[in-house]
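Taking it in order: structure first as structure tokens, then the write-up.
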Amino acid sequence: METNSRETLKADFDAFDISEELGFLLEEPLTNLPDYYRVWLDLANNLTDLIESHKLRDLVHKRWDSSAWDMYGRKDNMGLLRLGLPPILTYADSVLANWKLKNPTGDMEIGNMDLIFSFPGGESCRGFFIVSLLVEMAASSGITGALEVMHAMKTLELSGIQKGLVKVTQSLKKMKETFKLMHNHVDPTAFHGTLRIFVSGWRDNPMLPRGLLYEGVSNEPILLSGGSAAQSSTIQCFDALLCIQHEDETRSFLTRMREYMPPAHRQLIETLSVCPSLRDFILSSSSSDLCKAYKSCVSALVDLRNYHLNTVAKYVVVPGNHARAMGCPLRGVGTVLNDTGTGGSNLMVFLKSVRNTTQKALILERPSASKETEM
């Protein structure tokens, strides 16, 4: 039976493009591409200097006009549409596939990791993306646990469901502990005043109400959201597994964020979403241990979301309010980003909403077997 379970999980890892050790992270991101993409790779490798010297836009126009035609005579959209991703910087681009080891034989820890491409913001930029990556890596065992619960539900194997939930709980706690590294490696002023500008999009952005025109791709402006933690497949998988039912507007936003995820990861969320309800099964079960395992799992998710909410207050709300009070425009962006997430949501309203709906999923502990007997 153990062999069959391993084979089933291996098939899941392959089908949903998951690494058992790294979760949704790309296992070996390419630092070089074929010569056809050389001009774009050169730009990416020098992105920070080009932005700070105000040369990026002119060079992009030159590259686009002279060498961005594909073999069919059409403008090449950087391969993004072919990968099932929209033509904008996504969470998958900047976090899941944007890492390399300084020492290839060393461990995946923050001191031995670097970004393949970066933005202005110095060490705070590096710290933000690397810590986000390590949080994703901390989720790997939880993703495996979610798969185990999914399969155990098919045969109603209580021990399998419980063990899988324990893995998810432990993973969520590890994600929160890893998230704490953000405070040691990211300066709030640098994050709010510099980095957020480059990962923001042009959907629900008052400065680009009609979106952005992609020359050679569309005759009409396109509305796309910027890179956002809401584009992380991990938390949406846990939501789907635990049957967290978000409110209408929040649910619509999260569903839209799936369009910015790699297709295989998106498919796992959708697969978990249509499985028989784990929460309903536990509510109808007489197992006190199973109920406790579910409650611990949801509680850990609430804790993580509370911590995320408090961290966002530190890195977005507080510096935003300070900039507003000082009358300091954020490089032409003004106060637009003070209340809006990079994905386009009303930031604090959204985060409180997902936290509150997660709390609602908590199930009261069942009485112990001895108390049930006494009653």
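Output the number of residues of the range 224-259 satisfying the condition of being within 29 Å of Val166 (Cα to Cα) and not hydrophobic (A, V, I, L, M, F, W, C).
Result for the range 224-259: 14.
Enumerate the helices (runs of 4 or more DSSP H) found wholly within the range 121-192, keeping only those where 2 or more residues are free of Cβ contacts under 8 Å to residues at least 40 places away in the same chain, within 21 Å of Ile282 (Cα to Cα) and touching a helix residue (DSSP H, G or I) at 6+ places or on another chain (Cβ under 9 Å).
140-155, 158-179
Among the residues of the range 83-108, write down those that are in contact with a Leu (Cβ under 8 Å, 6 or more places away or on another chain) and in a loop (DSSP other than H, G, I, E, B).
Correct list: Pro86, Pro87, Ile88, Ala97, Asn98, Trp99, Met108.
Name the residues in the range 206-220 that are touching a Leu at 6+ places or on another chain (Cβ under 9 Å) and closer than 25 Å to Gly121 by Cα, would you?
Selection gives Leu208, Leu212.
Residues checked against (1) more than 24 Å from Ala323 (Cα to Cα); (2) buried (at least 20 other Cβ atoms within 10 Å of the Cβ); (3) in contact with a strand residue (DSSP E or B) (Cβ under 8 Å, 6 or more places away or on another chain):
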| position | (1), (2), (3) |
| --- | --- |
| Arg126 | no, no, yes |
| Val131 | yes, yes, no |
| Leu147 | yes, yes, no |
| Arg203 | no, no, no |
| Met207 | no, no, no |
| Arg210 | yes, no, no |
| Ser232 | yes, yes, no |
| Ile235 | yes, yes, no |
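What number of residues within the range 225-248 are within 30 Å of Arg210 (Cβ to Cβ) and without any contact (Cβ under 8 Å) to a residue 40 or more places away in the chain?
2
Which of the residues that make up the range 2-54 are of a type outside the set (Asp, Glu), more than 21 Å from Leu89 (Cβ to Cβ), in a helix (DSSP H, G or I) and touching a residue at least 24 places away in the same chain (Cβ under 8 Å)?
Ser5, Thr8, Leu9, Ala15
So that you can scan it fast, the table gives a plain yes or no per residue for (1) modelled with pLDDT under 90; (2) β-branched (Val, Ile, Thr):
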position: Ile51; (1), (2): no, yes
position: Lys75; (1), (2): yes, no
position: Met78; (1), (2): yes, no
position: Tyr91; (1), (2): no, no
position: Asn98; (1), (2): no, no
position: Met108; (1), (2): no, no
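Could you tell me whether Ile269 is at pLDDT 95 or above and outside any helix (DSSP H, G or I)?
no
Within the set of pairs 6 or more residues apart or between chains, which connect a residue that is within 20 Å of Glu259 (Cβ to Cβ) inside the range 89-105 to a residue that is assigned to a helix (DSSP H, G or I) and hydroxyl-bearing (Ser, Thr, Tyr) with Cβ atoms less than 6 Å apart?
Close Cβ pairs satisfying both conditions: Thr90/Tyr260; Val95/Ser132.
Give the residues of the range 267-321 that are within 19 Å of the chain's Cα centre (by Cα), crowded, with 17+ Cβ neighbours inside 10 Å and among the charged types (D, E, K, R), sorted by residue number.
Arg305
The values are calculated or read from the model by the stated rules, or taken from the named source; none is laboratory data. What you see is a predicted model, and the numbers here were worked out from it, not measured in a lab. Neighbour counts run over all protein chains shown; Cβ positions are idealised from the backbone, glycine included.
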